[in-house]
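*Asks:* Here it is, the structure, as structure tokens.
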Amino acid sequence: MEQQPICEHLNALTEVLTPQEYVCEECIKTGSIWVHLRTCQTCGKTHCCDSSPNKHATKHFHRTGHPVVASGEPGERWLWCYADEQIVGY
């Protein structure tokens, strides 16, 4: 059975945006490393996760208020809402 979104931000999504490139858009500018990628579901920018030293995805949420990211990792199919701290598979 497919899990249903449990917050208004996840319920509002009509499609899932995927990375245009498999790089953190901020880390690549400075030569920093990243561990995993997350793609913002509001603007489509791809940033590094909280396991990465710079935590750009979380910083992007705090800077812009864009609440939902999708895993940018091949084979992973989940969304995370920073505002409601909810995860859902798709």
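*Asks:* So, in segment 67-90, exactly how many residues are closer than 15 Å to PRO19 by Cβ and not aromatic (Phe, Trp, Tyr)?
*Replies:* 11
*Asks:* For the list (1) surrounded by fewer than 16 Cβ atoms within 10 Å (Cβ to Cβ); (2) of a type in the set (Asp, Glu); (3) modelled with pLDDT of 95 or more, I need the number of the one condition that GLU26 fails.
*Replies:* Only one criterion in (1) surrounded by fewer than 16 Cβ atoms within 10 Å (Cβ to Cβ); (2) of a type in the set (Asp, Glu); (3) modelled with pLDDT of 95 or more is unmet by GLU26, namely (1).
*Asks:* How about segment 3-23: which of its residues are open to solvent by 80 Å² or more (accessible area, probe 1.4 Å) and in a helix (DSSP H, G or I)?
*Replies:* GLU8, ASN11
*Asks:* Another question, then. Exactly one of these conditions fails for HIS62: (1) assigned to a helix (DSSP H, G or I); (2) on the phi > 0 side of the Ramachandran plot. Give me its number.
*Replies:* Among (1) assigned to a helix (DSSP H, G or I); (2) on the phi > 0 side of the Ramachandran plot, the lone unmet condition for HIS62 is (2).
*Asks:* Could you please tell me which pairs satisfy a Cβ distance under 9 Å, a separation of 6+ or placement on different chains, a first residue in segment 37-55 that is on the phi > 0 side of the Ramachandran plot, and a second residue that is assigned to a loop (DSSP other than H, G, I, E, B) and at pLDDT below 95?
*Replies:* GLY44/LEU17; GLY44/THR18; GLY44/PRO19; GLY44/GLN20
*Asks:* I would also like to ask the following. List the number of the failed condition for HIS36; all other conditions in (1) under 13 Å from the mean Cα position of the chain (by Cα); (2) at pLDDT below 95; (3) open to solvent by 50 Å² or more (accessible area, probe 1.4 Å); (4) not hydroxyl-bearing (Ser, Thr, Tyr) hold.
*Replies:* (2) is the only condition that HIS36 fails.
The values are calculated or read from the model by the stated rules, or taken from the named source; none is laboratory data. Not measured: the values here are computed from a predicted model. Cβ coordinates were reconstructed from backbone atoms using ideal geometry, including for glycine residues, and neighbour counts include every protein chain displayed. Note: areas computed on protein heavy atoms with side chains; ligands, DNA, RNA excluded. Shrake-Rupley method; radii C 1.70, N 1.55, O 1.52, S 1.80 Å.
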